[in-house]
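Okay, structure first, notes after.
The values are calculated or read from the model by the stated rules, or taken from the named source; none is laboratory data. Predicted model, so just to flag it, every value in this text is computed and none were measured. For neighbour counting, all protein chains shown are included, and Cβ atoms are generated from backbone atoms with ideal geometry for every residue, glycine included. The area values use the complete protein model at the heavy-atom level, side chains included, leaving out ligands, DNA and RNA. Shrake-Rupley method; radii C 1.70, N 1.55, O 1.52, S 1.80 Å.
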Amino acid sequence: MFVLVEMVVFNVGLCICLYDITKLDDSYIFPGDGASHTIVHFRYVVFHPFLDEILLGKIKYCSQEGVHVTMGFFDDILIPPESLQQPAKFLSDEAEQVWLWEYETDEGAHDLYMDQGEDIRFRVTDEMFVDTSPTGPSAAETPTIPGQPVAPPAEEVEKKEAPYTLIGTICDPGLGLLSWWNS
């Protein structure tokens, strides 16, 4: 049996697990093929939050791009700098990279740090699907002539893109680190 587990389907979402099989049609064996082909109707559990949904996660790490959040089963969540509580500042040193919110009160400014592993509440503002389907060989490849040395291929630095990314914000009241709002 073929079961897709934790796979992103383009413009659908992250497929978590098979829920149930609702119907099996007749099986067919095609000439020249010994395999049995059966149409299967099934239901799947899919993670695809709607826009403006409020979610909870943990800060995975911080970078110049923003705050990267994980939900344990899904890691491709980004809160960009312009979507942080303002004024926000990025601190980068050898030991740690962290964003902080300079919270103003009557008593002065307080620095509220967004440390790795902290629980965070955020609102989904956008989603991005990237088609990461495999492609064939490039058209620029030339056939080699036997007996001639093969030139080494030009090195391509390929950044692996996430097939499904959520973009979030913590600009609204009540959003951000849970520790900010508990006391």
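Quick look at the numbers
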| read-out | value |
| --- | --- |
| The range 117-151 - residue that is part of a loop (DSSP other than H, G, I, E, B) and modelled with pLDDT of 90 or more and, of those, most open to solvent (accessible area, probe 1.4 Å) | GLU118 |
| Selection count, the range 163-183, where residues are at pLDDT 85 or above and assigned to a loop (DSSP other than H, G, I, E, B) | 7 |
| Failed item, numbered, when VAL67 is tested on (1) surrounded by 11 or more Cβ atoms within 10 Å (Cβ to Cβ); (2) free of Cβ contacts under 8 Å to residues at least 40 places away in the same chain | (2) |
| Qualifying residue in the range 76-83 (condition: open to solvent by 100 Å² or more (accessible area, probe 1.4 Å) and either in a strand (DSSP E or B) or under 30 Å from ILE16 (Cβ atoms) (or both)) | no |
| One residue from TYR28, TYR19 being open to solvent by 90 Å² or more (accessible area, probe 1.4 Å), under 26 Å from the mean Cα position of the chain (by Cα) and farther than 23 Å from PHE129 by Cα | TYR19 |
| Residue check for PHE47: of a type in the set (Phe, Trp, Tyr) and open to solvent by less than 100 Å² (accessible area, probe 1.4 Å) | yes |
| Total residues in the range 14-63, condition more than 30 Å from SER179 (Cβ to Cβ) and assigned to a strand (DSSP E or B) | 23 |
| Search result, residues across the range 93-102 that are free of Cβ contacts under 8 Å to residues at least 24 places away in the same chain and either aromatic (Phe, Trp, Tyr) or open to solvent by less than 80 Å² (accessible area, probe 1.4 Å) (or both) | LEU100, GLU102 |
